[in-house]
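Chemist: Attaching a single structure in structure tokens format; questions to follow.
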Amino acid sequence: MDMKELEKTQRISISTVLFILVIIIGILTFKKPTNVYEKSAKDTLAILGTQEYLVPISEVDPTNTVLIDVRDKFEYSKSHIDNAYNIPTADILKETSISIFEELKDAGKDIVFYGKNPDEANSAWMILYQLGYENIKILNNQTELVDNNFKITPYDVKQPIPDYMDVFKKGNPENSNGLEHMAPETTKKVIVIKKKKKRKPEGGC
């Protein structure tokens with residue numbers, strides 16, 4: 001074999017080795033996406049139009065429902081609905097949060113998100129719905145701390161569709177370590193205010 005043929009063979013061998021290395025590196029570094037969206041934006045908008053994802057506090061079954069407070073940890077620590085857990089919206093896609101949602105889904109539990117109003121909880125609901133979760137709803141009530149009492153009042157939803165991805169751009173400096181209770185600094189009384197029914201006009205003669 002002359003020198004030219006030898007050099008040509010060496011070049012082919014080196015190219016082949018480099019190609020194989022690229023394939024191996026690609027296989028080793030390839031990772032399946034952590035979160036894969038199963039619902040399209042069209043599907044999400046369709047159910048938003050029905051408002052079937054809303055549930056008033058009076059219809060929440062405490063034996064089969066877990067309430068998730070999506071407010072920040074400071075607001076949650078001041079007061080919250082009894083037995084509610086705190087997972088701020090910015091932490092919804094964290095690995096610890098997803099494992100909690102999977103655990104609740106496998107256990108056949110319903111998840112009800114709430115914030116100061118349904119608008120605030122809407123982002124968390126939409127994200128998980130697009131990820132394929134069907135066991136989720138939003139509390140159709142407004143919450144606020146008034147005179148050291150945590151009040152829950154009816155709320156009229158006007159089909160809010162916020163830009164929920166903005167929440168994750170801000171980030172959250174504190175990491176959530178799983179589903180844990182955060183005891184409020186002081187005990188607040190939770191007051192549920194029912195929506196008044198409109199009186200029907202009396203008929204005349």
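Where a number appears in this text, it was derived from the coordinates with a stated rule and is not lab data. Computed from a predicted structure; not experimentally measured. A quick note on method: Cβ atoms are made from the backbone with ideal geometry, for glycine too, and the neighbour counts reach across all protein chains shown.
Chemist: Only residues that are outside any helix (DSSP H, G or I) and under 9 Å from the mean Cα position of the chain (by Cα): list them for the range 85-100, please.
Modeler: Passing the criteria: Ile87, Pro88, Ile92, Leu93.
Chemist: Quick one: how many residues across the range 32-62 are within 22 Å of Gln142 (Cα to Cα) and assigned to a loop (DSSP other than H, G, I, E, B)?
Modeler: The number of residues fulfilling the criteria is 7.
Chemist: Quickly run through the range 69-127 and pick out the residues that are farther than 16 Å from Tyr155 by Cβ, of a type in the set (Asp, Glu) and crowded, with 19+ Cβ neighbours inside 10 Å.
Modeler: Scanning the range 69-127 gives a single hit, Asp91.
Chemist: Right, here's the next one. Are any residues in the range 124-144 within 17 Å of Asp43 (Cβ to Cβ) and hydroxyl-bearing (Ser, Thr, Tyr), and if so, which ones?
Modeler: Tyr129, Tyr133, listed by residue number.
Chemist: Same structure, new question: So Ser58 passes all but one of these: (1) more than 24 Å from Ala41 (Cβ to Cβ); (2) of a type in the set (S, T, N, Q); (3) in contact (Cβ under 8 Å) with a residue 60 or more places away in the chain; (4) surrounded by 15 or more Cβ atoms within 10 Å (Cβ to Cβ). Which condition number does it fail?
Modeler: So Ser58 meets the others, but not (4).
Chemist: Which of the residues belonging to the range 102-125 are within 17 Å of Arg71 (Cα to Cα) and not in a strand (DSSP E or B)?
Modeler: Selection gives Gly115, Lys116, Asn117, Pro118, Asp119, Glu120, Ala121, Asn122, Ser123, Ala124, Trp125.
Chemist: Among the residues of the range 143-160, what is the count of those that are over 21 Å from Asp61 (Cβ atoms) and assigned to a strand (DSSP E or B)?
Modeler: 5
Chemist: If we keep just the residues of the range 38-61 that are in contact with a helix residue (DSSP H, G or I) (Cβ under 9 Å, 6 or more places away or on another chain) and not hydrophobic (A, V, I, L, M, F, W, C), which is nearest to Ile111 (Cα to Cα)?
Modeler: Selected residue: Tyr53.
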